[in-house]
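Every read-out reported here was derived from the displayed coordinates using simple, explicitly stated rules and does not represent laboratory data. The structure presented is a predicted model; accordingly, all values stated were derived computationally and were not measured. Using ideal geometry, Cβ is built from the backbone for each residue, glycine included, and neighbour counts are taken over all protein chains shown.
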Amino acid sequence: MSPASSRAGGKSAARLAVKDLQHKYGDRPVIEGLTFTLAAGQAIALVGPNGAGKTTVLKCIVGSAEPAAGKILLDGLPIDERVEVVRRDVATLLDDLDFFPDLTAAEHLDLLARAHGNAAPEDLVDTILDDIGLLPAADQLPGSLSSGQRRRLALATALVRPRKLMVLDEPEARLDTDGVRWLSDRLVAEKKSGTSILFASHDPALVEAVADSVVTLTPLP
Amino acid sequence: MSSEGPVVFDPADFGAIPSSRSLRQWMRTTRRRHADRSFWQIFEDVYLVVFTLAMVGATGGNVVHHLNSSAARCTSSTCGELTLWMPWIVVPLLLATTIRMLLAVGPVSASRATGFWLLATPVNRAALLRPTYRLVVAVVAVTGFVVAGIVWALLGTVWIGFLEAAVLIAALLVCAGIATVWAQQSARRSRWTLRIADLLLIAAVVPAVVLALRPDPLRGAQIANVVVTGFDTNLVDEYDHAVAARLMFTSVETHFLLLAAVVVILAVALVVVTSQTLDKLSRNSVIAGGELLAGLAGAASSLDISMLGDVIAGRHWRMKGRVRSHRGRGSRGGAIVHREFRRVLRWPRRLIIGFALLVVPYAVSGAGFGALVPVAAGFAGFIAVRPMLDGLRSVCRSTGLTRALGMDLRELRVIMAVVPGFFAALWTGLASPAIGSGAATFAVAAGILSGAVRQASARPPSYAGPLVASPMGAIPPGLFSQPARGFDLLLVCMAPVLLNLSGTWVVAIPAVILAVMFSIRPKTD
């Protein structure tokens, strides 16, 4: 990515700071010298064509890929998913989601809320399922959910837990028009509550509605 | 979807992070509510498995016991040489295999679901992973104990001797297993550990090569044993090798016991210390192994050896990610042969291992088991050649790919067997001095090629067609013959050699098999 192509917010008290990030697949560089900062309550959208490295940037940030060089700081400290605080504060939605085949949609969210310290999450889970339009499917096992419902359940995972930073890869994927509108409203609400959002998207309307800044990635030769 | 819901995070909802134990307990309770099988149904299945294991264990134990008695009575110099040399081949080989296999699957692994719903939460990761870690240690210890026990029993060692050897090697393998858990914590450590595994593999090949060349194998083993155990077999009549070997084992019992005790203590200490560092494992490294294990379990459930290889090869190429493209040459069949040749060169480790396996027939010959050389050469050659048929396997399992290549599958099978066929001929040619006659060499080469081609082009068991009732439930016909595919032709080709038939039969039978093999069209779904 050419550094000149990014126009991102740069407050001093950055929640997330990415400095000179580089990543390679073998010898081929995918990302070079990417720098941006994301403040609390702000959203940055990563845009660009397929193969530009959007998902790779997100993977580096959540620790699923190892950068070749550069720094990624969360609240001033190097981000490392092995650290408990990072796992508590960063809600992610990448393509690594899978389900336990024998737990229902509601039980999955229940489990996640409990794992984050909510000892009685039933009401919260029901509210979120209702909010996301999955209440009728609450008792369904993952195998019987449609791909759109699975996607909504995946989005719900980011809402049922505490979060300071949300890292979302194409959150609008497989959602219908109403769903994308709902998503847009939710992300704006998240920003207002102080959550920072970094998301990759191919939807200009969503980017326009949610993002305070845009980082444009272009495929490297 | 509503846009009025309380999506916004309320800190008051969240308190202390629960323990891994309480979370697992919650999952158990929740799952129990969905249980669709009664206790007795589960008990019946468990009973069946335990009964089967007991039967197999008893039969296997009996066979090993008989072989142990026979080996103990053997006083030939060949037996003595084997007794002295085998530990130097087996121990590094076991260590290298353990390290490689464990690093391939993690060794600490978890499913993608566990990775997302549990490991990505602030719950103590070390505590979440500890049950898997304990399972890995237990599996390594039990496997090491059983394998080492069997090897030493087959060498004719008295029961206390092979018990000590089994304990020592199980503890050594546990140490190696712990090293892989430590290595899993960073890519750099993994690379170094893999290099050590390669060195161990070379260390296992060296005595096999020495045994194969036989300058004075007993003397070499004596030197190695003196270095490790302090016992000099030269003190014994050098012509009574078997007695010397047994005497050595008896005399070094104290050394062995002491060594075993030290290694067991070391292993236990390492297990305890490393269990505290499991939180340093990245979610990625843990899930990668889980995915591989899930693939391997799927392949194992259909008893499909080729599919096991596919899963491992698939992972290898996914991790590799990118290689340099080479333009093709020629057209039609020639282009495919060229592409296959380039593809084989793309994974040089397989070629190196393939050629390294040449030591097997020579070592067997060097150890004095001349009658077993063709069988050993056949199986070693099969292992060397079979990975080169991955291209044929892809084509046979993908009707779309066959259509895209625009040729008949029978024709494709012949074309794609050219490069492996050339390698099989080269391999057996190099093994020929150990195998003996030219006719036997041809039989082995034909067996390797026809067996490998048959295995690579075999259809996977299909659950879509008619099924056969069995105590395990409905299974596709031919499921249990699946693992034997390929090896059957290998044995048929080598049968004339093993039965000591005339040279004409030794050449004719494999030639007919090859001709039939390549003239019929493989079945597809």
Centroid-to-centroid separation of segment B:332-388 and segment A:24-42 [C-alpha atoms, Å]: 45
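Taking the Cβ-Cβ separation of A:D80 and B:C74 as r and a Förster radius of 51 Å, what is the calculated FRET efficiency to the nearest 0.05?
0.30
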Across A:P171, A:P29, A:P136, the residue with the highest GNM fluctuation in chain A (Cα network, 10 Å cutoff) is A:P136
Taking only the alpha-carbon positions of segment B:394-455 as identical scatterers, the Debye log10 I(q)/I(0) at q = 0.14, 0.22, 0.29 Å⁻¹ comes out as -0.48, -0.83, -1.16
Partnerless Cys - the protein assembly as shown, beta-carbon criterion under 4.7 Å: A:C60, B:C175, B:C396, B:C493
Would you mind listing how long segment B:1-136 runs along its three principal axes, going by Cα atoms, in whole Å with the largest first? 87, 39, 28
Given the protein assembly as shown reduced to its alpha-carbon atoms as identical point scatterers, what log10 I(q)/I(0) does the Debye formula return at q = 0.06 Å⁻¹? -0.48
Backbone N under 20 Å from the A:T218 label point (7 Å along Cα→Cβ), restricted to segment A:32-69: A:32-36, A:45-57
Which lysines have a Cα lying under 19 Å from the Cα of A:K191, excluding residues fewer than 8 positions away in the same chain? A:K11, A:K164
Taking each residue in A:78-88, count the Cβ atoms of any other chain within 10 Å of its Cβ, then average. What number comes out? 4
Stokes-Einstein translational diffusion, segment A:159-204 - Kirkwood Rh over all Cα pairs, 0.890 mPa s, 25 °C, in µm²/s: 220
Distance between segment A:44-119 and segment B:451-525 - C-alpha centres, whole angstrom: 48
Only sites in a loop by DSSP and with at most 11 other Cβ atoms within 10 Å count here; which trypsin sites (Lys or Arg not before Pro) in segment B:7-72 make the cut? B:R37
For segment B:367-509 the mean separation of alpha carbon contacts under 8 Å (6+ apart) over residue count, i.e. relative contact order in percent, is 29
Report the full-extension gain for the segment B:E44 to B:A269: residue separation times 0.36 nm, less the Cα-Cα distance, to one decimal in nm. 77.1 nm
Peptide B:279-285 - average C-beta neighbours from other chains (10 Å radius): 4
How many partner chain Cβ atoms sit within 10 Å of a residue's Cβ in peptide A:62-75, on average, as a whole number? 1
Let me check against my output: what whole-number percent is the relative contact order of chain A, with C-alpha pairs under 8 Å and at least 6 apart? 32
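Could you compute the FRET efficiency for A:D178 and B:W26, with r as their C-beta to C-beta distance and R0 at 41 Å, rounded to 0.05?
Efficiency at R0 = 41 Å is approximately 0.75.
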Arrange the peptides A:45-51, B:48-54 so that the one whose residues have, on average, the most other Cβ atoms within 10 Å appears first. A:45-51, B:48-54
For B:R342 and B:W317 in one chain, what is 0.36 nm times their gap in residues minus the Cα-Cα distance, to one decimal in nm? 7.5 nm
Partners for A:K54 among lysines (Cα-Cα distance below 16 Å; same-chain residues under 8 apart left out): A:K19, A:K24
In Å, what Rg and Dmax follow from the Cα atoms of segment A:101-221? 15.2, 52
Multiplying the sequence separation of B:L135 and B:R349 by 0.36 nm and subtracting their Cα-Cα distance, what value in nm do you get? 74.0 nm
Starting from the Cα of A:K192, draw a straight line to each of the aspartates and glutamates and keep only those under 14 Å, dropping any in the same chain fewer than 8 residues away. A:D212, B:D10
What value, in deg cm²/dmol to 500, does the helix sum -39500 (n - 2.57) over DSSP H runs of n ≥ 4 give at 222 nm once divided by the residues of the protein assembly as shown? -20000 deg cm²/dmol
Over the Cα atoms of chain B, how large are the radius of gyration and the largest Cα-Cα distance (Dmax), in Å? 26.6, 93
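Please report, ordered by residue number, every helix of chain B (full DSSP H runs) that is 30 Å or longer along its axis going by C-alpha atoms and whose mean Kyte-Doolittle hydropathy reaches 1.0. Provide the component values of the computation, followed by the final result.
Details: long enough: B:39-73 (50 Å, 0.68); B:77-105 (42 Å, 1.42); B:125-154 (43 Å, 1.58); B:159-183 (35 Å, 2.10); B:187-213 (39 Å, 1.26); B:253-275 (32 Å, 2.35).
Those that pass (Cα extent of 30 Å or more, hydropathy at least 1.0) are B:77-105, B:125-154, B:159-183, B:187-213, B:253-275.
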